[in-house]
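Structure, as structure tokens:
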Amino acid sequence: MNIIDRRRDPGGKSLANRQRFIRRARALVRRAVREASAKRSIKDVEKGGDIVVPADGVREPVLRRGSQGGTREYVLPGNKKYIQGDTIARPEEEGGGSGASDGGEGEDDFRFALSDEEFLDLFLEDLELPDLAKRQVMGVEDTQPVRAGYRSSGPPASLSVSRTMRNSLSRRTALGRPRPEEIAALEAEIARLDEIGGNEERAAELREELARKQKRMRLVPFIDPLDVRYRRYDQVPKPVARAVMFCLMDVSGSMDEHMKDLAKRFYSLLYLFLKRRYKRVDVVFIRHTHEAKEVDEETFFHSRESGGTVVSTALEEMARVVQDRYPATQWNVYGAQASDGDNLPMDNSNTINLLKTAILPLCQYYAYLEVGHAKDDGGGDASSLWRAYELVARADERMAMRKVSHRRDIYPVFRELFAKGGASAETS
Amino acid sequence: MTDEAITAGKRKSRIVMASTAASSELLFNGPDWNFETLGRIFEAVRKVGEGEIGLDPYRTQIEVITSEQMLDAYSSVGMPLFYKHWSFGKDFARNEALYRKGWQGLAYEIVINSDPCVCYIMEENSATMQTLVLAHAAMGHNHFFKNNYVFKQWTDASGIADYLSFAKSFIARCEERYGVESVERLIDAAHALQSHGIHRYPGKRSMDLRTEELRERERRAHGEALFNDLWRTVPQGKGKKPATKKKLEEDQRKAILKLPEENILYFLEKTAPRLAGWQREILRIIRLIAQYFYPQRQTKMMNEGCATWTHHRIMTRLHEKGQISDGSYLEFLHSHSSVVMQPDFDDRRFSGVNPYALGFAMMQDIERIAMTPTDEDRAWFPDIAGNGDAYGTLKNVWANFRDESIVSQYLSPNLIRKMGLFRIVDDHDEEEMEVAAIHDERGYREVRRALARQYDVARRDADIQVVDVDLTGDRRLELRHHVVDGVILEEKDADRVLQHLADLWGYEVRLVESDDNTVYAEHKSEPMRPFA
């Protein structure tokens with residue numbers, strides 16, 4: 001008999017198969033992931049969790065007998081009252097009596113758990129930050145020293161003791177510098193000989209040797225300037241690993257629940273996406289009617305407000321918050337604005353102006369989402385805000401705008417904005 | 001009342017005796033164990049199993065694994081090495097989800113029919129559970145694997161590990177060379193036909209001259225014994241009509257292809273016109289692996305019965321010998337009784353006859369019949385009743401039967417009564433189901449026959465055969481499902497499988513479902529993406 005301890009063996013033997021399965025069911029899983037994420041709140045979207053895909057898509061068909069028709073017989077245990085010739089009503093569909101062999105039949109849906117990573121990978125497949133924004137992310141002013149080998153001169157603070165001592169040791173060994181113990185031993189020996197006396201010849205010999213060694217010691221210093229090494233640092237630009245995301249939304253009476261829902265979905269996606277790219281993501285909610293206010297998530301989505309619509313107030317508020325708390329040198333700023341397109345006509349020029357001069361220079365990316373109802377599609381002119389923004393978007397790559405009228409369009413629109421290959425496609 | 005008190009008293013005193021007799025000889029104390037304990041446990045278990053019961057298992061290799069690794073093992077049918085395929089990932093994902101949610105526990109052990117026999121045991125098990133597991137798997141299952149005739153006939157225990165390793169690397173090489181996608185699609189198709197990739201009868205082995213001669217002599221003796229000159233005088237019939245030319249051709253064609261053939265994968269491997277060599281090899285691999293597992297499907301109930309009976313006996317003996325404590329024994333009984341629990345048919349937990357329960361009950365019953373038979377047993381089982389050799393009888397049963405045959409041979413009226421077995425017939429043309437037989441004098445044989453049929457694997461799988469193909473004509477592959485009792489195939493699945501089959505075959509495929517009188521259904525499939 002052998003006992004083998006397999007507990008230390010690398011686990012995850014099934015990983016490859018699991019990945020194959022997910023790849024296989026990719027389309028299904030992706031759809032399931034999106035459906036699952038629709039039900040969650042903004043900050044929970046990123047969690048992994050149970051995914052249910054229709055079993056049909058990953059079915060492994062086999063030749064087996066159907067569960068209907070024909071004559072069947074069963075032998076069952078636990079008879080209490082039946083005698084031969086009794087009749088029993090046929091149980092409802094999921095035959096309580098069909099204990100025979102129909103394994104794997106109740107398989108209507110296939111449920112399994114995805115890890116956070118897998119969930120997000122599928123969710124954000126093929127997306128990336130627009131090229132422009134990425135460049136800015138990488139090339140910021142802030143730098144940070146990074147170790148880069150050694151050099152022979154430098155400030156005392158960056159002296160590398162271990163490297164210096166290593167050099168010193170090899171030099172001392174090579175040049176034969178006597179060790180202090182050797183000298184001590186010699187001195188002790190001479191002292192002993194002196195004490196017992198008589199051995200003058202031997203003592204003189206030893207003294208001579210001692211003198212030679214002491215001279216050698218003086219000639220070969222313990223540490224030579226040649227040995228000294230300093231740590232070398234290079235200044236490497238530090239990517240700003242923080243982002244702040246501004247959610248701007250019109251909450252005036254004309255925005256109904258449906259529109260808010262669309263906006264919320266878009267914000268969730270953006271949050272998730274940024275979260276993948278930055279270590280820390282802050283979210284600022286600014287809602288506006290004819291005046292703007294920073295609020296928390298709950299209020300942002302759920303409380304009602306009445307009043308006119310002046311978009312520029314929100315932009316002003318955003319500029320103010322950036323100035324107060326999120327200096328553009330240290331934060332990547334993303335703006336996402338959702339509106340039904342209403343704006344006080346006389347405010348339009350002011351809005352454009354603000355956007356061009358104050359907001360866009362701060363932002364990595366600014367997305368404008370015009371939400372509406374499906375029935376509005378096609379018919380009618382573009383809203384006044386849309387027309388105004390169009391001028392800015394054409395001139396500035398950092399700005400993108402889209403119209404969405406149904407929740408199924410949210411994801412495609414989002415993908416369109418961030419699809420690999422850059423944001424340049426959006427001007428078409 | 002007093003009787004009970006007395007028996008209870010007796011039992012108690014026995015337990016006390018047992019535990020005081022040799023508490024120093026306890027194999028372990030408490031739930032903790034280490035490798036040394038494990039070795040000691042195994043030796044003690046083996047002493048009872050091989051020494052007292054006389055089991056004859058393969059050498060054992062015990063491998064301690066974690067629950068994660070157990071989950072891994074689940075998804076490759078328990079085998080340590082297996083080729084890669086998404087369907088195993090699917091099983092893994094499902095098991096993992098169920099396990100993490102706590103809806104499904106993990107098996108305490110997995111045992112592999114190989115030589116040496118590999119037992120995976122979980123590190124989470126307590127010392128008692130390890131004892132139970134070793135008795136169950138390393139003794140019970142192991143003995144069964146080595147001695148049962150279906151395993152002997154069909155599996156090569158010493159070669160399986162090497163074969164799986166070959167299969168894995170071969171398939172991996174194919175993936176490298178021909179692309180993961182095309183290999184995966186081929187395996188999908190082969191898996192769909194896996195249940196019909198089995199030889200149900202061992203091939204005829206060529207005989208040596210001695211046996212040939214022996215047989216010839218027997219045949220002659222038989223002929224002489226039956227000789228009767230009167231046969232000569234019996235008027236001959238007109239003789240059969242001479243076969244038409246067409247019929248002759250057809251017969252010849254089928255004879256060349258050895259049709260009809262029920263092993264569809266085998267037929268494809270040998271005959272499919274458009275497959276490449278590596279594709280045939282992969283079909284062969286899948287077919288051989290299905291064949292390796294075929295004995296397990298035929299002996300599920302017996303195998304578990306054998307292992308469960310063995311662990312029960314070994315644990316009881318260990319307790320009697322004072323090698324495990326009362327507490328351990330109770331822990332064992334608790335686990336044992338939940339394993340052999342059989343819910344009644346009207347119970348919410350009912351999901352068919354529990355193979356552990358029926359198997360264990362049958363083994364106990366056979367032991368009882370051998371040792372203390374009643375008159376009824378003597379009438380039903382004259383060959384074994386009261387022969388006084390329970391172990392010998394059981395070992396004979398384990399060696400020479402499978403589920404279907406053990407039930408039809410040894411399911412006793414006593415057990416039928418005890419389990420309250422009854423047979424119902426569900427004819428879809430009738431309004432209601434009928435109770436055809438119950439556990440009474442008139443019903444025993446009928447119930448027993450019906451239960452045996454339920455365990456007959458060849459009957460459970462649909463009888464589908466390749467019946468004809470004209471390789472020089474349109475090459476349409478003709479299959480027939482021989483319908484029994486009017487039960488036809490699940491249509492959607494059948495069509496899907498047929499699609500795979502058509503892709504493998506490369507030409508049209510037709511499956512007719514019929515019995516001798518009626519044609520029930522017909523499926524057709526054209527290849528959509530033929531393998532080539």
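Remarks
- Among the residues of the range A:195-233, the ones that are assigned to a loop (DSSP other than H, G, I, E, B) and touching a residue at least 60 places away in the same chain (Cβ under 8 Å) come to 3 in all.
- Per the listing A:209, A:195, A:201, the residue uniquely surrounded by 15 or more Cβ atoms within 10 Å (Cβ to Cβ) and farther than 24 Å from residue A:159 by Cα is A:209.
- Condition check for residue B:137: hydrophobic (A, V, I, L, M, F, W, C), touching a helix residue (DSSP H, G or I) at 6+ places or on another chain (Cβ under 9 Å) and facing another protein chain (nearest Cβ under 9 Å): no
- Restricting the range B:483-505 to residues that are among the charged types (D, E, K, R) and at the interface with another protein chain (Cβ under 9 Å from one of its Cβ atoms) leaves a set whose member that is surrounded by the most Cβ atoms within 10 Å (Cβ to Cβ) is B:490.
- So residue A:341, is it surrounded by fewer than 18 Cβ atoms within 10 Å (Cβ to Cβ), in a loop (DSSP other than H, G, I, E, B) and on the phi > 0 side of the Ramachandran plot: no
- Sole exception among (1) modelled with pLDDT of 90 or more; (2) within 23 Å of residue B:155 (Cα to Cα); (3) in contact with an Asp or Glu (Cβ under 9 Å, 6 or more places away or on another chain) for residue B:55, by number: (3)
- Residue, farthest from residue B:107 (Cα to Cα), within the range B:53-80, restricted to residues that are aliphatic (A, V, I, L, M) and facing chain A (nearest Cβ under 9 Å): B:62
- Residue within the range B:494-512 that is closer than 30 Å to residue A:78 by Cβ and in contact with a strand residue (DSSP E or B) (Cβ under 7 Å, 6 or more places away or on another chain) present: no
- Considering residues of the range B:506-532 that are surrounded by 14 or more Cβ atoms within 10 Å (Cβ to Cβ) and either among the basic types (Lys, Arg) or under 23 Å from residue A:58 (Cα atoms) (or both) only, the residue nearest to the other protein chains (Cβ to nearest Cβ): B:523
- Residues being closer than 15 Å to residue B:480 by Cβ and assigned to a loop (DSSP other than H, G, I, E, B) - total across the range B:513-532: 4
- Index of the failed condition, residue B:148 passing every other in (1) modelled with pLDDT of 85 or more; (2) over 30 Å from residue A:60 (Cβ atoms): (2)
- The requirement of being of a type outside the set (Lys, Arg) and closer than 30 Å to residue A:165 by Cβ is satisfied by residue A:217.
- Test result for residue B:447, touching a helix residue (DSSP H, G or I) at 6+ places or on another chain (Cβ under 9 Å), modelled with pLDDT of 90 or more and of a type in the set (A, V, I, L, M, F, W, C): yes
- Criterion: touching a Gly at 6+ places or on another chain (Cβ under 8 Å), of a type in the set (Ser, Thr, Tyr) and more than 7 Å from chain A (Cβ to nearest Cβ) - qualifying residue of B:391, B:455: B:391
- Residue in the range A:147-192 that is modelled with the lowest pLDDT, counting only those that are within 52 Å of the chain's Cα centre (by Cα), of a type in the set (A, V, I, L, M) and surrounded by 11 or more Cβ atoms within 10 Å (Cβ to Cβ): A:148
- Exclusive hit being outside any strand (DSSP E or B), surrounded by 15 or more Cβ atoms within 10 Å (Cβ to Cβ) and within 26 Å of the chain's Cα centre (by Cα), set A:328, A:314: A:328
- Within the range B:81-90, one or more residues are of a type in the set (Gly, Ala, Ser) and closer than 21 Å to residue A:17 by Cα.
- Candidates A:293, A:260, A:215 - the one that is crowded, with 18+ Cβ neighbours inside 10 Å, over 22 Å from the mean Cα position of the chain (by Cα) and modelled with pLDDT of 80 or more: A:260
- Of the set (1) of a type in the set (Ser, Thr, Tyr); (2) touching a strand residue (DSSP E or B) at 6+ places or on another chain (Cβ under 7 Å); (3) crowded, with 22+ Cβ neighbours inside 10 Å, all apply to residue B:108 but (3).
- Filtered residues of the range B:415-433 (kept if within 7 Å of another protein chain (Cβ to nearest Cβ) and modelled with pLDDT of 90 or more): B:419, B:420, B:421, B:422, B:423, B:424, B:425
- Extreme residue, surrounded by the fewest Cβ atoms within 10 Å (Cβ to Cβ), among residues of the range B:29-52 that are away from chain A (no Cβ under 14 Å) and at pLDDT 90 or above: B:51
- For the range B:514-532, a tally of residues being touching a Lys or Arg at 6+ places or on another chain (Cβ under 6 Å) and modelled with pLDDT of 90 or more returns 1.
- Check on residue B:158, of a type outside the set (D, E, K, R) and surrounded by fewer than 16 Cβ atoms within 10 Å (Cβ to Cβ): yes
- The single condition among (1) away from chain A (no Cβ under 14 Å); (2) among the polar types (S, T, N, Q); (3) assigned to a helix (DSSP H, G or I) that residue B:142 does not meet is (1).
- One residue stands out in the range A:41-73 among those that are part of a helix (DSSP H, G or I) and over 20 Å from residue B:496 (Cβ atoms): the one that is modelled with the highest pLDDT, namely A:44.
The values are calculated or read from the model by the stated rules, or taken from the named source; none is laboratory data. Everything numeric here is computed off the predicted structure, so don't read it as measured data. Positions of Cβ are generated from backbone atoms using ideal geometry, with glycine treated the same way; all protein chains shown enter the neighbour counts.
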